[in-house]
Each structure stands twice: as structure tokens, then as C-alpha cells.
């Protein structure tokens, strides 16, 4: 998909003005965090597991070349094929070539963010192959021709009324008088519609939550079982995965799996954790005859050795989205590309450029909740700050903002002057705002006060009060 | 330059080194070969056999798996007949052609229609063995093979799993050890697919409300065979 991240500010306003989105995000913003908190409460070792998860991923990235080669060797030994792709175009071409080699007409798909990233569906469609999304959320948004708004719950921006509308528009063979107003009826209809597609598909495409170097296996984690039907029934299974999904051993995967579901949905373990190694074995009664892995770089290798390397630890659990006051107010589409929320605000500029996605790392209150819930302790706020520094260095910020920052920096480096000015400001504003206790508007701060009032200062600066207290205590 | 060499080259230049060699290489290779376990939560690790079984049952039931207990293989047909009748399901069963299920005396229940093999789209109920059950999260561990086709775990609406009491282990790591004991190290150690199954299929994609039976089975029923050595709580 073409990014619209440049229009972030307009997108965010549209999100805030959308009543359906407000209701849907209200459900998401409370449900996910509450369930996560309960799951962690039940596991006293969770904090220690976070440290181990971080260490495993750091070790892997520091030896990524070794583990990728070991992984490839073991995939090959088990009868699979690894296809290396430098960028999205190479990855799409690799998938298309495999599909063509078996003359594929219908391709079923499990949910995959990297497939969204490389815009795989459009490419298959353009080449006469029908991709069918099988995760319920993905299926809904495919019918609505829109991108996912959340990395694990793609249709989280919708209420059941929009799902009903999409199903009625698409499933025109069914009785128009049928009742599908409630979630159980909608789920049953999707199941009935998609089952024949699973059986008819020539190729099944899934992503991977983990790739295991030791064994050449890929792991997918799902709740619906759609990923399993996708990869078991067709004659070809293609795994599309980015480089950083590698982990060294089965033991390392177990540790990260203990973190993943709890951080994502607050489940102890997702319904289905499936580990695949190569194609159907001699004597097997089912399973694909071919097993391919398309290993996608698309900007990851460039993140190694730089200030965004730690982002490669990301497990795509979405805890940072679910706990973000900005994401839960504006929704995922505002971010304008594949990855929304705090993880998207760091990853998107790395993948499509800070010139395109520069607004994203600025859409943060720096409250730090994202980092505090990240299962692998990625310092998301720090990295958003790095992007802001880069924007400043590359002169991508408005001249007035630049001069303002420069002026502020000049003053901030002169503590005497700074304290004097702040003290004057606090007193003047305190005096002016005494009667109301707040300001509806302030000069030079119109953007800030347009949606909220500025509380009037009490008349003294924090520094002054602190100094006074220190003197009194002495 | 091939995409592969290009990517590996970029990674190495980012890491500021060439290909791993010497001591550094030996160290990483040893880390893989060692299969060192990371931190294991105490929840299951500290339990004895009976504790593990009780924990497995509690965790499984928390995610809508149903569990019943029988003493001997001879009791299995009656239990299955009872379950199917109680759930208002047809008395038909697609059974994994696995030797571990061969001793079940189906003749005891002549009205049960038993067929063996992989799942067909029309099959409503399947019966499979499992390799292990993970007490920590109430998870069943199933492996694919000649006698255990994967489709049995996903196509039918109802999946019945036969679990023997001595198959209940503490954590996933114990499951990895079982796999390695079967076939040794490396990719040859693994069957094509290992399925960790924790409750029936579900989705929360519509307004975050959990619905069972999204694409896989709506019902997951475990028959625990235990001769009383490690009698569970019921």
C-alpha cells in the first residue's frame, strides 16, 4: 500500500471525529490492558522472563548472519527452500514465481504483517491469482478494501454493524433475509464461506512469529486455526518472514512464547502454536508437498549497528499499541502505513524514510507506557527522540519551530537567565490567570489551547519552590 | 551479488565484523548444541505427577477444554459414546490410525461408526493421540506422522484427544526433550508439524468478544486415561 503517513495530522483529526472508531477503540483500550495485567499477575516470573527475552533477541541480532545461515542449512536439510529477498519487490516476485510454478488460482493466507508490508495481495491480484485472507479480522478488512488498523486485531476499528454491512455486500448468494446482527452469526457465516476456500486453495501463505535456527522450523501463533488450515491443506506452503524473526533454539522460542500471548491478548497461551519443519514426509497422509520460506530484509539489515537496532527485538505483540494514549485515541489508520502505534512510530521511518513518516515519532506524549509493557523492553520513547533529532538535523522541521527550539536551547544553557525568565513567566501568568484559574487561549500556543485549557501557574516556578524547600530543610 | 550474499554482507558490516570464526564461532555453535534451558516458571516445574495432572486439568478447563477421566482403555468407547450423546453429536468418529489407539475395544460399542485415516471435510468428530500435555498452560502437544495426520486436529468440528497420565509434563521444554529423544538432534528430530493446542478454536475479532469455533474445532475434549497411580482430583 502507498503510505499516507505524511497526512498523519489530517488522518488523526479524522480518527478523532469518527464516532464508530471512538466506540471500537474504547473497547480495545480497556480490554487488552486489563487481560494482560491479569495474566502477568498470575506469573510471578514475568519480569525476569522479559529480561531473558531481551537477552535472547540481543544475542540473536549480534550473531544474525550465523543464525540465518544455520537456519537456511536446516530448512534445506528438512526438504524446504529458502528464498532471500533484499526488498519488497524481490519478495513479491519470489512468492509469485512459486505460485506460478504450480499454476495457482486461489491462495489462502494466514495473517501476516510482513505480507502487508510488501503489499503481497495487490501483486497477486494483478497477476491473476486470488488471495483469500482467512483470519476473521483480515477477511473483514479485505472485503472492505482497507488496511489493518492493528497488528494483531486488524479489524479493531469496526463494530459489528460494519461487519454485517461488509458481509451483506460480499455474500450476495446468501438469503438477504438472514439475521447476522450478532458476533456468533457473523463468525458462523465467515466460517461457512471460508471453509470451501481452504479446501480449494492451491497455495497457502502464512507469516511466522519465530524461525528456529537450530531446526529450520517456522512457528505461527493463532487462535482461530485458520493458519493451520491455510498451511496444511494446499500442496504448497509459503512462509513469508522478515530476518529478525530468527531465534537460536527451541528453548529460546519457549521463553519468547511465554511472553508473547500474555503481552498480546492476555492469554496464557494462544489456542494454536504450530511449528512446521519442511514439507510432507514419506508416508504422511496430509500436509503440503512443498515448503518455501521467503526471507525478507526490506530495510532490517540497515538498522543493525545503528540507533534503531533494538527495534529488531520486536515480537509484534501489540502491547505498546494497546497501552498508548495516542493510538487508542486516533486508531491505526491515522499512522498511514502498515505498523501503527509506538512500534510503528519507530519502525515506519526506518522502513519508508523519516521524510515520509516524520510525523509518527512526534505523535507521542512520552508517557513511557509503551516501553514499560514491551515484553522485550524496547526503549521506544528514546528511539522516537532519535528520530526527532534526525529530523532536526536534516532540517525537516518548520523554520519557526527550528528557531523556537534554538532560542529555547540558548536560554536553557544559561541557568541564571532561564530561572529568571521562568520566574517572571510564572508570576505574570499566575497573576493574569488568577480569577479563572486557567487560560482558554495563549499567544504562541494556539495549537495547544485549541482543544484544551492551560491551567494557570500558582505564581512560583518549580525551581524556586524546590530551592526554598532545600533551604528550609537545612 | 546474490540477494543472500548481499544481505549477509550488510548484516556483517552493520555488526562491524566479518564472518564469525575461531573462538567466537565455537561459542555460538556450543550455545546451540547445548539446548540450555532458560528460566522455567515455578508453576508447573515444582509439581509432582498428581500436581501436574491437576494443574493441566485446571488450565485446560480455564480455556474451555473439557476433560474426563477413565481408568482403562476398555472404558474409552463408553466414554466417547456418552460424550457424543451428551453433545448431541452423531455416533461417528474419524480415528487416527495410530498403534497407541489400536487396543481400544470398539466392539464394546457396535453403534459407534469408526473410520480410520486423515480427516475428510465431512467428518464431524476426530479422535487422536498426543505426544504430551503441558501442565503449565493446559496445552496438548501433538505431532504429525504416518499415523497422525494433522487434518484430524483442525477440520472436524469436535476434536477428542486421548491423553495418558504419564504423558503430562511440566513445561514446553519437556516437550522438546521428548521430540529429541524420539529422533535425535537437528531438523531430523522433528516431525513435519508440532501442534500445541490450548483450548478450542476462537476469535475476538468482532468487538473483542470471544467466539469459539472460528475455523478449527468448536469443541476440544480430553479423555485422560489413568489407572489410578496418579489419580486426578475428580
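Of the candidates B:55, B:142, the single residue that is closer than 28 Å to residue A:269 by Cα and assigned to a strand (DSSP E or B) is B:142.
When the range A:437-456 is examined, which residues are found to be part of a loop (DSSP other than H, G, I, E, B) and either touching a helix residue (DSSP H, G or I) at 6+ places or on another chain (Cβ under 6 Å) or surrounded by 11 or more Cβ atoms within 10 Å (Cβ to Cβ) (or both)? Those that are part of a loop (DSSP other than H, G, I, E, B) and either touching a helix residue (DSSP H, G or I) at 6+ places or on another chain (Cβ under 6 Å) or surrounded by 11 or more Cβ atoms within 10 Å (Cβ to Cβ) (or both): A:441, A:442, A:445, A:453, A:456. The residue of the range A:276-290 that is farthest from the other protein chains (Cβ to nearest Cβ), among those that are touching a helix residue (DSSP H, G or I) at 6+ places or on another chain (Cβ under 8 Å) and within 22 Å of residue A:71 (Cα to Cα), is A:290.
Cβ-Cβ distances below 6 Å connect the following pairs, each with a first residue in the range B:25-36 that is over 19 Å from residue A:68 (Cβ atoms), a second residue that is part of a helix (DSSP H, G or I) and modelled with pLDDT of 95 or more, and a separation of six or more residues or different chains: B:35/A:251.
Just to be sure, is residue A:273 crowded, with 23+ Cβ neighbours inside 10 Å, under 30 Å from residue A:46 (Cβ atoms) and either facing another protein chain (nearest Cβ under 10 Å) or touching a strand residue (DSSP E or B) at 6+ places or on another chain (Cβ under 8 Å) (or both)? Working first, answer last.
Numbers: crowded, with 23+ Cβ neighbours inside 10 Å: yes; under 30 Å from residue A:46 (Cβ atoms): yes; either facing another protein chain (nearest Cβ under 10 Å) or touching a strand residue (DSSP E or B) at 6+ places or on another chain (Cβ under 8 Å) (or both): yes.
Answer is yes for this residue.
Say whether the condition of being within 19 Å of the chain's Cα centre (by Cα), more than 9 Å from every other protein chain (Cβ to nearest Cβ) and under 21 Å from residue B:32 (Cα atoms) is met by at least one residue in the range A:247-257. Reasoning before the result, please.
So the first thing to find is which residues in the range A:247-257 are within 19 Å of the chain's Cα centre (by Cα), and the list is A:256-257.
Of the ones still in play, those that are also more than 9 Å from every other protein chain (Cβ to nearest Cβ) are A:256.
From what is left, the residues that are under 21 Å from residue B:32 (Cα atoms) are A:256.
Yes, some residue in the range A:247-257 is within 19 Å of the chain's Cα centre (by Cα), more than 9 Å from every other protein chain (Cβ to nearest Cβ) and under 21 Å from residue B:32 (Cα atoms).
Taking the listed residues A:43, A:68, the one that is touching a helix residue (DSSP H, G or I) at 6+ places or on another chain (Cβ under 8 Å), buried (at least 20 other Cβ atoms within 10 Å of the Cβ) and either modelled with pLDDT of 95 or more or at the interface with another protein chain (Cβ under 9 Å from one of its Cβ atoms) (or both) is A:68, with no other qualifying. Being in the same structural domain as residue A:291 (by TED's automatic domain parsing), in contact with a helix residue (DSSP H, G or I) (Cβ under 8 Å, 6 or more places away or on another chain), at pLDDT 95 or above and loosely packed, with under 15 Cβ neighbours inside 10 Å holds for only one residue in A:129, A:179, and it is A:179. Within the range B:148-169, restricting attention to residues that are assigned to a loop (DSSP other than H, G, I, E, B) and either at pLDDT below 95 or out of contact with any helix residue (DSSP H, G or I) (no Cβ under 8 Å at 6 or more places or on another chain) (or both), which residue is nearest to the other protein chains (Cβ to nearest Cβ)? Restricting to residues being assigned to a loop (DSSP other than H, G, I, E, B) and either at pLDDT below 95 or out of contact with any helix residue (DSSP H, G or I) (no Cβ under 8 Å at 6 or more places or on another chain) (or both), the top hit is B:149. Looking across A:261, A:282, one residue alone is at pLDDT below 95 and either in a loop (DSSP other than H, G, I, E, B) or within 21 Å of the chain's Cα centre (by Cα) (or both). It is A:282.
Put simply, of A:28, A:48 the only residue that is farther than 30 Å from residue A:306 by Cβ, within 7 Å of chain B (Cβ to nearest Cβ) and either free of Cβ contacts under 8 Å to residues at least 12 places away in the same chain or crowded, with 22+ Cβ neighbours inside 10 Å (or both) is A:28. Before we move on, is residue A:178 outside any loop (DSSP other than H, G, I, E, B) and either at negative phi or within 14 Å of another protein chain (Cβ to nearest Cβ) (or both)? So residue A:178 does not fit the description; no.
Can you tell me which residues in the range A:334-358 are assigned to a loop (DSSP other than H, G, I, E, B) and closer than 14 Å to residue A:383 by Cα? Selection gives A:358 alone.
Of all the residues in the range B:86-127, those that are farther than 15 Å from residue A:285 by Cβ, part of a loop (DSSP other than H, G, I, E, B) and touching a residue at least 24 places away in the same chain (Cβ under 8 Å) number 10.
The values are calculated or read from the model by the stated rules, or taken from the named source; none is laboratory data. Please read all numbers here as calculations on a predicted model, not as lab measurements. Neighbour counts are summed over all protein chains in view; Cβ atoms, including those assigned to glycine, are modelled from backbone coordinates with ideal geometry.
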